[in-house]
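Please read the structure below before turning to the comments.
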Amino acid sequence: MYIKRHPQACVEIREKGKTLFIDPGEFGIPENLKDADAIFVTHNHFDHVSIKDEEVLESIKSGHIQVYGPGSLYEDAGFPVNVVKDGDDFMIGDVSVKVMGNWQDITSIYDPPIENVGYMIEDRFLHPGDALPKFRGLPIVAVPMAAPWAKNSDIEKYLEEYRPKGIFPLHDVTLNDMGIDFAMKNLETMANRINAICYSLKVGEDAEI
């Protein structure tokens, strides 16, 4: 499986002849989004979903690109959405997808909970959206470098308790270059403490996982 970082929370996965995107948002929509077989959206926030390209929209409406997301996305989107929830599993060609989680971690005590689902691809990589997923024995999980719902000590406690085998840093658009380097070094240190691999990719880089 090859995984490529795009801006903020977006990743591109290439596996078994399929191209999958998770959370293409307004901070940098991939130019090759039109090549997707499926687009997965964790929750209905602008930095996690922004599909405005007419060619992509036409492919979605014609069924050539399938979009998956929570019910809140279905209610607001101007395109077809396959609604998914925690516990669902399905196939994109020969690629297995499991849906894990229900809600975003809390950002503000004044806001209601936000529906948020994660996607486990091929039992190998979990993109949890804006949440620290409370599952033990995870293979590789995406974690934020900067997020209003998770401070540094929260991520430390999470990794110490749940101990995934690998972490994939993303969600860094609010940081400058110095902040990104600092956050990445912190996550590399955290990963080393629990004997996990840290996939320290910059936007535009990819890796085989």
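Data table
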{"item": "Residue of Pro80, Pro133, Pro113 that the Gaussian network model of the chain assigns the largest fluctuation, springs spanning Cα pairs under 10 Å", "result": "Pro113"}
{"item": "Length gained when the stretch Asn176-Asp206 is fully extended (0.36 nm per residue, less Cα-Cα span)", "result": "8.7 nm"}
{"item": "At most 11 other Cβ within 10 Å, DSSP loop - chymotrypsin sites (Phe, Trp or Tyr not before Pro), the range 42-94", "result": "Phe46"}
{"item": "Inter-part distance where the range 88-118 and the range 60-79 are each reduced to a Cα centre, Å", "result": "15 Å"}
{"item": "Net length gained if the chain between Met91 and Thr107 were fully extended (0.36 nm per residue, minus Cα distance)", "result": "2.5 nm"}
{"item": "Residue of His64, His48, His127 that the Gaussian network model of the chain assigns the largest fluctuation, springs spanning Cα pairs under 10 Å", "result": "His64"}
{"item": "Pairwise FRET efficiency - Ser153 versus Glu26, Cβ, R0 = 35 Å, nearest 0.05", "result": "0.75"}
{"item": "Excluding exposed DSSP-loop GluC sites (Glu not before Pro) (at most 11 other C-beta within 10 Å), longest clean stretch of the chain", "result": "32-204"}
{"item": "Counting DSSP beta bridges with both ends in the range 2-202, the antiparallel % (nearest 5)", "result": "55 percent"}
{"item": "Of the DSSP H helices in the chain, those whose Cα atoms cover at least 18 Å axially and whose Kyte score averages -0.5 or more", "result": "177-193"}
{"item": "Charge dipole of the chain about the Cα centre (unit charges at C-beta), most positive-ward option of Ala131, Pro30, Ile197", "result": "Ile197"}
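Every number in this text was worked out from the coordinates using simple rules, so none of it is lab data. In this text, all values refer to a predicted model and were calculated from it rather than measured experimentally. Cβ sites come from the backbone with ideal geometry, for glycine too, and all protein chains shown count toward neighbours.
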